[in-house]
Amino acid sequence: MDEEKTSKPKATSDSDEEAPVVVQEDSSTNNINSSAKKRNAPKKLMNQFNFFERCALTEEIILRDKEVQTTPPTKNDFCTYTTQWIIYDAYNEDFLKQQEEKEKEKRDKIAVHASKKSASKKKKNDVTEDQTEKNMLITAKFLERIINLNTMDAIAQDFRYYEDPSDQFRGRDGTILPLWTMTYDKADNLYVTDISWSPDYFDMFAVTLGTSQGHLPLTDSPDVGYVCLWSLKNPSYPEYINQTHCGAMCLDFHRNHGFLLAVGFHDGHLAVYNVSLPTKEAQYMTDAVNTKHMACVRQVVWVKDLPDGELNFYSISEDGTVCNWLLMQSEMSKTIIVTLVLDIEPQITLGGISETLIGRGTTIAFHPENSGIYLVGTNEGYIFKCNTQWSSFFMQKFKAHEMSIYRIDYNKYDPNIYLSCSGDCTVKIWEDKSDIPLLIFDLLWSVSDALWSPFSSTVFGVITEDCDVVFYDLDADKYKNICCQPIQPESQYQLTKLAFNWRMPVIIVGSSKSTVIALKMSPNLRLIMKPPKKDRQT
């Protein structure tokens, strides 16, 4: 009963408010309720971009075993007996060696200083001696030139002023007057392979001395050659001599830089010399097998400089290629322009494979007005008309001679006319774009060289191997020469090259024994052709 009284609340009146009921719960029930509330509470979102698991941040270290096996070092057994006195003596020996090395270094420094002083004195003495030698050489050359001018005063007067008065009684025939005969004694057994006049000095020309390709003996090797500069003021000795490693075959002066001389050699090498320098070494030289020609170089020709001012020249060789050489800062750059392919039968067959025949180039001539067009003559008698822009196409190709072509030369006044000479004893006049000659001249002897005269558009000169110098004037007679004069004994000499002076009426003829002969043309050989009359039908 007492329990019921305590459990039941006391009754109150209606007017009184109800009292709050206090319910006591256990602590265990409270914990359960709180955990339930947490579960029922809304969850906070996790940042998936900045969250990383801890296991992903720790790199797994993989342990590996590495073994290296080497040969064991050699072992040497060494036994000795040592005491304090032995160690003391070893230290003393080492100290004495150090002192000796220091004294030796001092002596070496003193010797080097003394040698520098003596070398400076020697240099001063050498400079004074070199200057003295140069002054003596200049004086000796001056005296030599004065002596030559005095002893050959009559020839010098003829060279400058004499005109043959008998030409007015010969009609149109003329003569040539021998002036000087110049010979380099050390090369008396060599041929004059090419001649080129200097563009700066009208009385100076250069020659190359070597063994001609057609006259190369089987027992002699062309291992000697010379490049010589001659002056008409001193015909007794060359002004410049440069011995080459093999026979020099061709040369050409640069038209704007007259001190640059391009030279081609018998073994396929090429070189450019600066004849104004005291040194005889080449400024540019081909030195590798893949940059030089594979056969003898027959002609070199300087052409117009490139737009950026770089110098370049062309060469023709018996290996059948025409190459362009560009002078770089320290070397020559080679570009093969064209290969002379002969499409003739029969072709060479080696091991069942047919090979095309390659023409051996002998001469090259550029068009006077269009520097991109040039003509090439071959040893087989063909003439190729080529363009520098095309390497696999010929503008024209035809059989011009029966033997080797030695020279092709454009007319100085009409670039549509050119001539060619050959070993078949003929000289032919050609018109551009035609493979039929306009005129054929048979000289009965092998023709060595032929050139148009720079003084007349109708006159050209020819030299033959029987030592005759022949002139033709197409305006006077188309079938007969106006001058035929022997200048050397036929049994001793052979004429090889011809060159016209660009200013004076003088020609230079080279022979087979390093002899160079200067000849003056009479007035009839340099008459200017008169224009045709208006009423004359042409």
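Points to keep in mind about this one:
- Restricting region 432-463 to residues that are of a type outside the set (A, V, I, L, M, F, W, C) and out of contact with any strand residue (DSSP E or B) (no Cβ under 6 Å at 6 or more places or on another chain), the residue that is farthest from residue 413 (Cα to Cα) is 446.
- Against the criterion of being over 33 Å from the mean Cα position of the chain (by Cα), more than 21 Å from residue 402 (Cα to Cα), open to solvent by 30 Å² or more (accessible area, probe 1.4 Å) and touching a residue at least 12 places away in the same chain (Cβ under 8 Å), residue 475 qualifies.
- Some residue of region 525-532 being of a type outside the set (A, V, I, L, M, F, W, C), outside any loop (DSSP other than H, G, I, E, B) and at pLDDT 90 or above: no
- Just one of the listed residues (383, 336) is in a strand (DSSP E or B), open to solvent by 50 Å² or more (accessible area, probe 1.4 Å) and β-branched (Val, Ile, Thr), and it is 336.
- First in region 175-195 and over 19 Å from residue 494 (Cβ atoms), second anywhere and not in a loop (DSSP other than H, G, I, E, B), Cβ under 6 Å, 6 or more apart: 177/520; 179/155; 179/159; 179/518; 179/520; 180/518
- Being modelled with pLDDT under 90 and surrounded by 16 or more Cβ atoms within 10 Å (Cβ to Cβ) is a condition met by no residue of region 343-350.
- Residues of region 150-204 that turn out to be open to solvent by 70 Å² or more (accessible area, probe 1.4 Å) and part of a loop (DSSP other than H, G, I, E, B), as a count: 8
- So residue 281, is it without any contact (Cβ under 8 Å) to a residue 12 or more places away in the chain and within 16 Å of the chain's Cα centre (by Cα): yes
- Any hit, region 240-253, residues being acidic (Asp, Glu), assigned to a loop (DSSP other than H, G, I, E, B) and in contact (Cβ under 8 Å) with a residue 40 or more places away in the chain: no
- Checking each residue of region 279-294 against the condition of being in contact with a Gly (Cβ under 7 Å, 6 or more places away or on another chain) and open to solvent by 20 Å² or more (accessible area, probe 1.4 Å) gives at least one match.
- Verdict on residue 397 being assigned to a strand (DSSP E or B), open to solvent by 20 Å² or more (accessible area, probe 1.4 Å) and either under 29 Å from residue 489 (Cβ atoms) or at pLDDT 90 or above (or both): yes
- Of all residue pairs spaced 6 or more apart or on separate chains, those with beta-carbon atoms under 8 Å, a first member in region 130-148 that is within 23 Å of residue 232 (Cα to Cα) and a second member that is open to solvent by 100 Å² or more (accessible area, probe 1.4 Å) and not in a helix (DSSP H, G or I) are 144/237.
- Members of region 302-317 that are among the β-branched types (Val, Ile, Thr) and either open to solvent by 30 Å² or more (accessible area, probe 1.4 Å) or assigned to a loop (DSSP other than H, G, I, E, B) (or both): 303
The values are calculated or read from the model by the stated rules, or taken from the named source; none is laboratory data. Just so we're clear, the structure is a prediction, and the values are computed from it rather than from any experiment. For neighbour counting, all protein chains shown are included, and Cβ atoms are generated from backbone atoms with ideal geometry for every residue, glycine included. What goes into the accessible areas is simple: the full protein's heavy atoms, side chains included, and nothing from ligands, DNA or RNA. Shrake-Rupley method; radii C 1.70, N 1.55, O 1.52, S 1.80 Å.
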